[in-house]
Amino acid sequence: MSDSVKSCFDFFMRDSVNLDPERTTTARASRDWLVHKIEDLANNEKIPPLYNGTNHIFFGSFARNTKIRPLDDIDIMIMFDAQGCTTDDVTKITRKTYPIYVNNPHAKLLPDYCDGNVLNSRKMIEAIKRELGAIPSYSKADIHRNQEAVTLQLSSYEWNYDIVPCFYTTTGFYIIPDGKGSWKGTDPRIDQNRVTQANQRVNGALLPAIRLMKYWKKEHWGDEVSSYLFENLMIDWANSLYSFPMTYPQLVKSALDGLSSLIMRDYYDPKGFQGSINNLDLYDRRRLAIMASQDASEASTAIQYEQNYMTEAAINKWFKMFGNEFPRHGK
């Protein structure tokens, strides 16, 4: 029986929002095993040689510990040895592409994926897909819908892998497929450092806050706002606070107030490659801002109910806000 607002939120976080710890451990072990299999493919010259050093980067919400249920995808960047390849300019410029020129006649396999001497990222992804699809334990390999990764479907687990080939530049960032055959810049280390620093600033309270509010997003904003943009809005909200909310109700109220303002703005990619990542027009921004503001008002009412010992009425407010998975008083 849920006999307090706090216990309802605790059950909700444990059973509906946070990933199951055992599945998370299994997923990490499976992810590490896949990296070893990819290394074997490179060593056996089925795919091009990997970078001599750290040859993979775990990125995305699973790596940042901001993933909510279900655990459906895990992102991995696989770093390849450039083998003397060059590009025209490795200055970080917004929305720039970085064509890769294969100038080394002795480069292994990369010339097979070229148009002339220009490395075609689609051809490279297709070759990687073919080899990954032959690994036992995986039911299917396909090209991700954005044409930037190989999606590897598992036969024994519920999650898939999105595998992104990449190269490291002399100026300290990475280039990955742009979905059109060329290459674009990225640097997931910036995202990881940003959320880590913000989380440390509030003594570890930000990550669960992001996960809780991602559930709210799923119920109210859906896919109109990307998970990546939403995480960044939450980081900016947390960084703006003088003191972090001490309870879940206060957190939700404060976050919704912040989101209702932040969603109205252009939001520029913290990594410096994409320009504004808030692609909503003014009408949709206003509509989503109103939704957040209205729920902030509902949260305020729920807090007042709890303060007045109207626990059941408060829990019913949270149930309406978060949906059927939120525990109800008396169940």
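Just so you know, all these numbers are worked out from the coordinates, no wet-lab data involved. What you are looking at is a predicted structure, and each value in this text was computed from that prediction instead of being measured. Using ideal geometry, Cβ is built from the backbone for each residue, glycine included, and neighbour counts are taken over all protein chains shown.
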Residue check for residue 66: of a type in the set (S, T, N, Q) and either more than 24 Å from residue 196 (Cα to Cα) or in contact with a Lys or Arg (Cβ under 9 Å, 6 or more places away or on another chain) (or both): yes
Looking only at the range 60-74, filter to residues that are within 28 Å of residue 120 (Cα to Cα) and of a type outside the set (Gly, Ala, Ser); which one of those is surrounded by the most Cβ atoms within 10 Å (Cβ to Cβ)? 74
Tell me which residues, restricted to the range 43-59, are surrounded by 16 or more Cβ atoms within 10 Å (Cβ to Cβ) and within 12 Å of residue 109 (Cβ to Cβ). 46, 47, 48, 49, 50
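Return the residue satisfying two criteria in turn: it lies in the range 117-140 and is in contact with a strand residue (DSSP E or B) (Cβ under 9 Å, 6 or more places away or on another chain) and part of a loop (DSSP other than H, G, I, E, B), and of such residues it is surrounded by the fewest Cβ atoms within 10 Å (Cβ to Cβ).
Filtering the range 117-140 for residues in contact with a strand residue (DSSP E or B) (Cβ under 9 Å, 6 or more places away or on another chain) gives 117-126, 128-135, 137-140.
Next, from what is left, pick out any that are part of a loop (DSSP other than H, G, I, E, B): 117, 120, 133-135, 137.
On the way: 117: 15, 120: 19, 133: 15, 134: 11, 135: 14, 137: 13.
Of everything passing the filter in the range 117-140, 134 is surrounded by the fewest Cβ atoms within 10 Å (Cβ to Cβ).
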Being surrounded by 14 or more Cβ atoms within 10 Å (Cβ to Cβ), over 31 Å from the mean Cα position of the chain (by Cα) and in contact (Cβ under 8 Å) with a residue 60 or more places away in the chain is the filter here, so list the residues in the range 303-331 that pass it. 306, 311, 314, 329
Listed by first then second residue, the pairs whose first member lies in the range 1-30 and is buried (at least 16 other Cβ atoms within 10 Å of the Cβ), whose partner is small (Gly, Ala, Ser), with beta carbons under 6 Å and at least 6 positions apart or on separate chains, are 5/314; 8/2
Residues satisfying the stated conditions in the range 185-211, i.e. among the charged types (D, E, K, R), assigned to a helix (DSSP H, G or I) and buried (at least 16 other Cβ atoms within 10 Å of the Cβ): 191, 194, 211
